[in-house]
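Worksheet: the structure to be examined is printed underneath.
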Amino acid sequence: LDGKNTISRVAEDDWSLDACPHRGGALAVDEQNEVHAVWFTQGRNRQGLFYRRLSANGLARSEPMGFGERGAQAGHPAILVQKNTVYLAWLEFDGKENRIMLMRSANNGKDWSQPANMVATAGAADYPHLVVVAGQPKLVWNTLENGLQIADVTQK
């Protein structure tokens, strides 16, 4: 992280999996070179989706913050940082609908909004993607019923 090949562990979950995890994670780097990480774990120390911020040298870290409803199979997190605002999106399934949830932090990951349901579909759906379009953060999601959807994440 600091250009000196320093290795810094994001999580100490005590999870060993002899396979490829299917709910992956994501990273984003802000203007201060802090790393914002989201991941899924089924470890002994914690389970579910988590967020953590690491300093540019990887030594200072926020405590892991859990998010998403485990009972709704929360997974496939996406993260985007734009200036001091951090956006988290993830997929949940309540048994009837796939839905994309979103949380936002206006102070670089220190405090967070309540989760907001951005979009939902009863049919098959892709995972959420957070992108910047013409300078604006957007949620991109593809569904069988409604096709490609692009939503503004600054309003919810």
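The values are calculated or read from the model by the stated rules, or taken from the named source; none is laboratory data. Keep in mind it's a predicted model, so treat the numbers as computed, not measured. Cβ atoms come from the backbone with ideal geometry, glycine included; neighbour counts cover every protein chain shown. To get the accessible areas, we keep the full protein, side chains included, count just its heavy atoms, and leave off ligands, DNA and RNA. Shrake-Rupley method; radii C 1.70, N 1.55, O 1.52, S 1.80 Å.
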request  = Collect the residues in region 138-147 that are modelled with pLDDT of 95 or more and either open to solvent by 70 Å² or more (accessible area, probe 1.4 Å) or among the basic types (Lys, Arg) (or both), keeping them in residue-number order.
outcome  = Lys138
ask   = Which one of these is at pLDDT below 90 and open to solvent by 30 Å² or more (accessible area, probe 1.4 Å): Ala11, Ala56?
value = Ala56
task = Might you check whether a residue that is acidic (Asp, Glu) and surrounded by fewer than 21 Cβ atoms within 10 Å (Cβ to Cβ) occurs anywhere in region 74-92?
result = no
query = For the subset of region 105-120 comprising residues that are among the polar types (S, T, N, Q) and part of a strand (DSSP E or B), which member is most open to solvent (accessible area, probe 1.4 Å)?
reply = Asn117
request  = Among what's in region 127-137 and is open to solvent by less than 90 Å² (accessible area, probe 1.4 Å) and in a loop (DSSP other than H, G, I, E, B), pick the residue that is farthest from Lys83 (Cα to Cα).
outcome  = Pro128
remark   = Of (1) of a type in the set (Gly, Ala, Ser); (2) surrounded by fewer than 16 Cβ atoms within 10 Å (Cβ to Cβ); (3) closer than 23 Å to Leu148 by Cβ, Gly66 satisfies every one except (3)
